[in-house]
Amino acid sequence: MTFSSRLRSVHVSNATYGVAEYISLPILMLCSAPFLLHHLGVEQYAIWLLASAAVTGGLLLSAGFGDAAVKYISACRGRNQEAGVERIIRTLFAINLTLGTAVAALLWLCTPLLVAHLPHVSADLRTSYQRALSIGCLLLLVKVVESVFLCAQRAHERFDIAARFTIITRIASIGAAVVIAAMGRGTVVIMLVTLLVSLISLGAQMFALWRRLALRSVMPSWDRATIQELFSFGCFSWLQGIVGLLTGQADRFLVGYLLGTHALTYYSISVQVAAPIHGIAHAGLQILFPYIAARLGLLSITAMRRKFATAFAANVAVVAILTAPLIFGGHLILRLWLGEDFAAHATATLTVTACAFALIGLNVTGFYVLMAMGRIKLLALINLAAAIAMLTAIVILAPRFGIVGAASGRLVFGLITLLLYRPLQTVLRSPQTVHGEASTMLEAM
């Protein structure tokens with residue numbers, strides 16, 4: 001096998017593992033939803049979704065420096081600077097541990113406020129929600145620390161290792177949720193077991209990375225120069241986390257507040273079904289980020305354009321293949337999966353949501369190429385503007401058109417994010433621009 005053939009094989013393997021890691025969660029959630037809805041009830045299931053959304057939102061808010069670590073670890077790896085790799089990993093650990101603790105503490109302090117302002121929920125469910133959120137604060141901290149080691153594996157283009165840990169943890173957590181629900185227990189016990197599983201996974205990941213990279217230590221350590229490097233890129237990556245919080249979690253709290261828990265269930269499941277349109281494209285093409293970051297300045301402008309064209313063609317094909325069944329067969333899918341009544345309430349929402357995620361999915365190639373070139377500020381500002389516009393649209397449309405109006409807000413987000421291709425077109429026209437990005441990054445390090 002030639003070198004180019006082996007390289008293509010590695011890319012295909014990494015893309016496959018990236019997709020497998022992503023789809024594992026929606027598949028497990030979608031397969032378990034009928035059972036959990038039946039045994040927990042719609043309201044308890046909605047409480048679990050809200051508690052999970054709070055944890056995920058806190059993770060996005062506190063773990064914004066992972067992209068910066070992937071970029072700089074990739075660059076160090078490309079120049080065989082092993083000491084630099086260890087320094088970045090340990091500094092990221094210290095940053096994430098500090099930020100994660102701060103965000104978890106803030107969420108814990110805000111828990112009574114979040115519970116008090118949740119309408120259409122009984123007193124017993126409010127108590128369950130508050131306890132689940134409190135456990136979620138600890139889970140959030142564990143997940144933030146775990147992201148350090150997942151980022152390090154991806155920066156070394158070992159998506160297989162990161163994916164295996166993530167998939168096994170998800171199977172164990174959701175499998176435990178099914179068993180717990182079958183035993184007649186509720187959301188609080190589910191969150192406790194999820195925390196235990198995550199702690200075991202974290203310990204295994206720390207050991208695996210320490211042994212594979214032959215690091216002297218994986219304990220947190222503060223390095224001033226590294227902090228400056230990570231913050232120069234990571235502050236805008238953190239802003240991207242804010243955008244992810246607004247687009248992936250805040251909309252659910254908003255729908256729950258405006259329309260109630262039943263509407264939230266219909267909306268959330270529609271989002272879960274449609275999100276893989278963007279998520280699979282995102283997961284499969286994330287290999288572009290460490291690949292280009294490690295080779296920035298080495299690839300010719302012609303090679304860069306060719307790789308972009310190939311990736312974008314794959315991007316469009318994946319989005320089209322995943323969107324068509326949901327637009328033309330959404331009612332049938334929901335009816336066979338969750339019954340006629342659920343399908344009658346959610347089909348229109350699913351159709352609109354699928355179109356929205358198709359638009360969002362088309363920006364994946366441009367997003368990762370610009371990320372590798374260091375254009376994180378531009379991406380963060382575009383996505384922030386899109387997120388604000390989306391939430392504004394939900395506030396305006398949801399009270400008038402219900403969950404279909406809420407889903408329409410995502411169409412606004414998708415249209416705005418496609419604007420990133422305009423500056424990318426300018427970047428790819430000029431060899432000086434591409435190689436200038438590499439020189440700037442090397443000087444910064």
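Determine if segment 406-415 includes at least one residue that is over 16 Å from Thr247 (Cα atoms), at pLDDT 90 or above and in a helix (DSSP H, G or I).
no
Residue-wise test of (1) touching a His at 6+ places or on another chain (Cβ under 7 Å); (2) of a type in the set (Ser, Thr, Tyr); (3) in contact (Cβ under 8 Å) with a residue 24 or more places away in the chain.
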{"position": "Leu196", "(1), (2), (3)": "no, no, no"}
{"position": "Ser201", "(1), (2), (3)": "no, yes, yes"}
{"position": "Phe207", "(1), (2), (3)": "no, no, no"}
{"position": "Pro220", "(1), (2), (3)": "no, no, yes"}
{"position": "Gln240", "(1), (2), (3)": "no, no, yes"}
{"position": "Thr247", "(1), (2), (3)": "no, yes, yes"}
{"position": "His262", "(1), (2), (3)": "no, no, yes"}
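Residues that are open to solvent by less than 20 Å² (accessible area, probe 1.4 Å), modelled with pLDDT of 85 or more and more than 17 Å from Val273 (Cβ to Cβ): list the helices (runs of 4 or more DSSP H) wholly contained in segment 283-361 that include at least 1 such residues.
301-338
Condition first: acidic (Asp, Glu), over 14 Å from Ala204 (Cβ atoms) and not in a helix (DSSP H, G or I). Can you find one or more residues in segment 148-160 that meet it?
yes
Could you list all residues from segment 373-395 that are under 20 Å from Phe289 (Cβ atoms) and polar (S, T, N, Q)?
Asn383
Restricted to segment 53-70, and to residues that are at pLDDT 65 or above and farther than 23 Å from Ile88 by Cβ, which residue is most open to solvent (accessible area, probe 1.4 Å)?
Thr56
For segment 273-296, which positions are among the β-branched types (Val, Ile, Thr), under 17 Å from the mean Cα position of the chain (by Cα) and under 14 Å from Phe308 (Cβ atoms)?
Ile287
Just to be sure, is Ile403 modelled with pLDDT of 90 or more, open to solvent by 20 Å² or more (accessible area, probe 1.4 Å), assigned to a helix (DSSP H, G or I) and of a type in the set (A, V, I, L, M)?
no
Just a yes or no: is a residue in segment 81-90 crowded, with 23+ Cβ neighbours inside 10 Å and either modelled with pLDDT of 75 or more or on the phi > 0 side of the Ramachandran plot (or both)?
So far as segment 81-90 goes, yes, one or more of its residues are crowded, with 23+ Cβ neighbours inside 10 Å and either modelled with pLDDT of 75 or more or on the phi > 0 side of the Ramachandran plot (or both).
Is it the case that Ser128 is touching an Asp or Glu at 6+ places or on another chain (Cβ under 9 Å) and either surrounded by fewer than 16 Cβ atoms within 10 Å (Cβ to Cβ) or modelled with pLDDT under 80 (or both)?
no
The values are calculated or read from the model by the stated rules, or taken from the named source; none is laboratory data. Keep in mind it's a predicted model, so treat the numbers as computed, not measured. Glycine gets a Cβ as well: all are built from the backbone with ideal geometry, and neighbour counts include every protein chain shown. Calculation scope for accessible area: heavy atoms of the full protein, side chains included, ligands and nucleic acids excluded. Shrake-Rupley method; radii C 1.70, N 1.55, O 1.52, S 1.80 Å.
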